[in-house]
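Let me begin by presenting the structure, written as structure tokens, before commenting on it.
Values in this text are rule-based calculations from the coordinates and carry no lab data. In this text, all values refer to a predicted model and were calculated from it rather than measured experimentally. Glycine also receives a Cβ, built like all others from the backbone with ideal geometry; neighbour counts cover every protein chain displayed.
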């Protein structure tokens, strides 16, 4: 039996979840891998702090580099996070000829190309199933399960905090601020929530998804990154009325001229499964040129679900170690075969739009608004009009056809300048996901 | 570049879909595998029939065994179906030291153990992603993506014909017979539809799912196999009223005492994504002890989606050929490590039930019915009562708690004997999938 010795860096929620799985399912893992898997050492930040999981038999140290270069470690499991020390640690591990498993999406999005190129040169694996969508095996689905396809697009709910908040905001009487407070109380949002609600976390994950889906370098350059802070309970209610739910999506779409890469809040038809993925759950839709559209859903965070993904990578690495070679490139194709497809500027995005307008004298203004849209070749697909309690005022809600964002923005600027508006125009993108 | 030469057996819908993908995505596949993939030969039933896809450069023969043993074939792609000649062909291929890729669920369910054992002895791969749920990479998800988990249960919509029919029957004025006719007209159901609507096709797929999920031998022995012929539009409407949809499910559940294996029509809460998988789409829910519940959905049939799964297997086989060894056992664990867990008799199934009763004098009879249920320890979780147009007659609809099927059957027999019934009791299982 091949012996595989792991070195952990970080024993927080995911580290402890992973250790628990390795212990609980040890017999099964031995059968599945044909390997004897042990954990030699783990680096933790504070050696004096009591551990939340059983670390018996594991040497604890406070120097991550020591784990990355330890004699009795074959595979480094990097769960410390961040893009500071983690970069040094992963580089040191690769240079020491060790395979690396990481859940660190920021590390991959920011430094992935250099690290994966180095790993390829050194003949070691870097596996990162846990970096996107927690326990959902979406990286494996894209790289392997759908390997026969050219991927056309990927669209996913890849941030549980945003999905929880948008789900809650659909309930009566809940708006952004109190829902954020509740999410923080439940531990779904950080005290400083910007990383989640401004779309940063999702942008890291989207960079990874796009890279594996399209065989392009890891990058957020040119990516449109919007959060959920512009979404109001009023828009969620209007979307519902129109047959849509509002979701925070990461979208990567291949077009003839390049790739659309965007993190945004958007209306999704309720008829799509993705619209029905609620609370902290994650899901990713993938459209391939052979398979059509498939969807993968599950828990996007948590120690055990994310640990499940880490252990799947451990199994893959063990099996590769038994065969004595790295057989599948980290991003699906070799680093030198990555395609430098251009990332399209947001002005070239093609999508549909939702507009909510608070206007005086609705009948007159509707003609002006439709004219501004029509001037840019934009047609109105659906319309709702609701008189306000106050006379000669109304809310107008419009859904447009699919147009180029530059055209929409020109029309929007003209509409925003109309004197009949009582407050700024609210607008969101509409994704039909087909 | 490693050269990989394929031999096809069968060039029907899936065979042609697979060939089309191999041609359309050839450059991508070369990058992903590092292999030069060619198709040397294909066996077809009738050489004189015009082909529906481009077979240029492929030698066509009418003897499948000749393909299985051809000198210029490394991998046999068996898409002929059935359990007659296909068994001989696959055995011959394995004996000739060739890897086998098959979409043949009946072959695997009926002869899989012997064939996979032989393949293990001969050191060749047998890959079968296309045998269950078409293009959805569910075999890979179970075997690899969730390899860190002990799987607790799997529940899937794995027959598109049944799902299409149940979806249609939910529309006003549609019942079983006309919907079946429509399905036949659209090519979703065969002229002799029994294979699909009696659950046979799903039973083959469930045997494969259970085997990969639990590491048990491939078998349908003791499996409960029911179709959709007992489902009426009336039950679908009542289920809707109660917040459920009726779906035809394959369920495999690990319990302390053994495994439940059942193909059945059941009520599923609308709040579950699975309930919202409609038309010919397939989906499989998987619950693992680390990841919790995940779901995989997509097209369960069709030449291109199923071809996508076949090509994913081709990629895996190519990569294994490059490494020079078979590294992952066909069923996730070696054949000699398969666990002989008992299949529980249907009397030991644990689930909830839906009952629809057409009764005279409703108030009096409800007391008798509740008493018979209570005698077996069954409680009523929900109840609907609708007076018939005729006086002193009513429809009673009940949902029970989760009980053992033997208890339910005893109560059902007593209830069926009541003189107040105007027609036989309609009943279905209710699956909460949690």
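Pull up the DSSP beta bridges for chain B and report the antiparallel fraction as a percent, rounded to 5. List each step's numbers first, then the result.
Values: 52 of 78 bridges.
If I count the DSSP bridges inside chain B, around 65 percent turn out antiparallel.
Other chains' Cβ within 10 Å of A:273-283 residues: what's the mean? Mind showing how you got there, number by number?
On the way: counts 9, 1, 1, 6, 2, 2, 0, 0, 5, 1, 4.
What the average comes to for A:273-283 is 3.
Dividing the convex hull volume of the alpha carbon atoms of the protein assembly as shown by its residue count, what do you get in Å³ per residue? The partial results should precede the final answer.
Working: hull volume 160.3 nm³, N = 868.
Hull volume over Cα atoms, normalised by residue count, gives 185 Å³.
For segment A:348-430, compute the orientation-averaged projected area of the C-alpha convex hull (one quarter of its surface), in nm².
Numbers: hull surface 18.8 nm².
Across all orientations, segment A:348-430 yields a mean hull projection of 4.7 nm².
Would you mind pulling out the separation of the Cα centroids of segment B:201-268 and segment B:383-434, in Å?
20
How tilted is helix A:362-375 with respect to the longest principal axis of chain A? Cα atoms for both, answer in degrees (0 to 90, nearest 10).
60
What does the highest-first list of B:58-66, A:52-60 look like by mean Cβ count within 10 Å?
On the way: B:58-66: 16.3, A:52-60: 13.6.
The peptides rank, most packed first, as B:58-66, A:52-60.
At residue B:118, with labels set 7 Å past Cα in the Cβ direction, how many nm apart are the copies from this one, shortest first?
In ascending order, 5.1 nm.
Please say if chain A is rounded, prolate or oblate, where rounded means a/c under 1.5 for a ≥ b ≥ c the square roots of the C-alpha gyration tensor eigenvalues, and otherwise the choice is prolate for a/b larger than b/c and oblate otherwise? Numbers along the way, then the final one.
On the way: a/c = 2.67, a/b = 1.97, b/c = 1.35.
Cα axes put chain A in the prolate bin.
Let a ≥ b ≥ c be the square roots of the eigenvalues of the Cα gyration tensor of segment B:65-158; is it rounded (a/c under 1.5), or, if not, prolate (a/b larger than b/c) or oblate?
On the way: a/c = 2.13, a/b = 1.74, b/c = 1.22.
Prolate is the answer for segment B:65-158, as a/c is 1.5 or above and a/b outweighs b/c.
Packing-wise, with mean Cβ within 10 Å as the measure, how do B:34-40, B:210-216 rank, highest first? Show your work: numbers first, answer last.
Working: B:34-40: 18.3, B:210-216: 25.6.
Ranking, from highest mean packing down: B:210-216, B:34-40.
Can you sort A:223, A:321 by how many other beta carbons sit within 10 Å, fewest first? Present the calculation step by step, with values, prior to reporting the outcome.
Values: A:223 23, A:321 20.
Final ranking by Cβ density, sparse to dense: A:321, A:223.
For segment A:44-80 and segment A:274-323, what is the separation of their C-alpha centers, rounded to whole Å?
Taking the Cα centre of segment A:274-323 as reference, the centre of segment A:44-80 is 26 Å away.
Defining the label point at 7 Å along Cα→Cβ, can you sort the distances from residue B:171 to the same site in each other copy, shortest first, in nm?
3.7
Kindly express, to the nearest 10 degrees and within the range 0 to 90, the angle between helix A:160-169's C-alpha long axis and the longest C-alpha principal axis of chain A.
30
Taking the 0 to 90 degree range and rounding to the nearest ten, how far is the long axis of helix B:200-214 tilted relative to the main principal axis of chain B, both from C-alpha atoms?
80
Expressed in nm², what is the orientationally averaged projection area of the convex hull enclosing the Cα positions of segment A:244-357?
Values: hull surface 42.3 nm².
Spelled out: convex hull of the Cα atoms, projected over all directions, averaged, 10.6 nm².
Can you list the distances in nanometres, one decimal and ascending, from the residue B:191 label point to the identical position in each other copy, with the point 7 Å along Cα to Cβ?
In nanometres, ordered from closest: 7.4.
Which value at 222 nm does chain A reach when only helices count, each DSSP H run of 4 or more adding -39,500 (n - 2.57), with the total divided by all residues and rounded to the nearest 500 deg cm²/dmol?
On the way: 13 runs with 150 residues, N = 434.
Rounded to the nearest 500, the figure is -10500 deg cm²/dmol.
Specify whether the C-alpha gyration tensor of segment B:297-368 places it in the rounded, prolate or oblate class, a ≥ b ≥ c being the square roots of the eigenvalues: rounded for a/c under 1.5, otherwise prolate if a/b is larger than b/c and oblate if not. Show your work: numbers first, answer last.
Details: a/c = 7.54, a/b = 2.25, b/c = 3.35.
Oblate, since a/c reaches 1.5 and b/c is not below a/b.
Working out 0.36 nm times the residue gap between residue B:3 and residue B:414, then minus their Cα-Cα distance, what length gain in nm do you get to one decimal? Kindly include the intermediate steps, with their values, before the conclusion.
Working: separation 411, 0.36 × 411 = 147.96 nm, distance 6.77 nm.
Full-extension gain reported as 141.2 nm.
Residue A:385 to residue A:368: extension gain in nm, 0.36 nm per residue of separation minus the Cα-Cα distance?
Working: separation 17, 0.36 × 17 = 6.12 nm, distance 1.50 nm.
Answer, rounded to one decimal: 4.6 nm.
Can you put B:397, A:100 in order, fewest other beta carbons within 10 Å first? It would help to have the intermediate numbers written out before the result.
Values: B:397 20, A:100 27.
Placing the least packed residue first, the sequence is B:397, A:100.
So if I take the centroid of the Cα atoms in segment B:169-193 and the same for segment B:111-126, what is the distance between those two points in Å?
Distance between centres, Cα-based: 39 Å.
Which order, highest average first, do A:296-303, A:238-245, B:305-312 follow once you tally other Cβ atoms within 10 Å for each residue and take the mean per peptide? Intermediate values should be presented prior to the final figure.
Details: A:296-303: 23.9, A:238-245: 19.1, B:305-312: 30.2.
Highest to lowest by the protection proxy: B:305-312, A:296-303, A:238-245.
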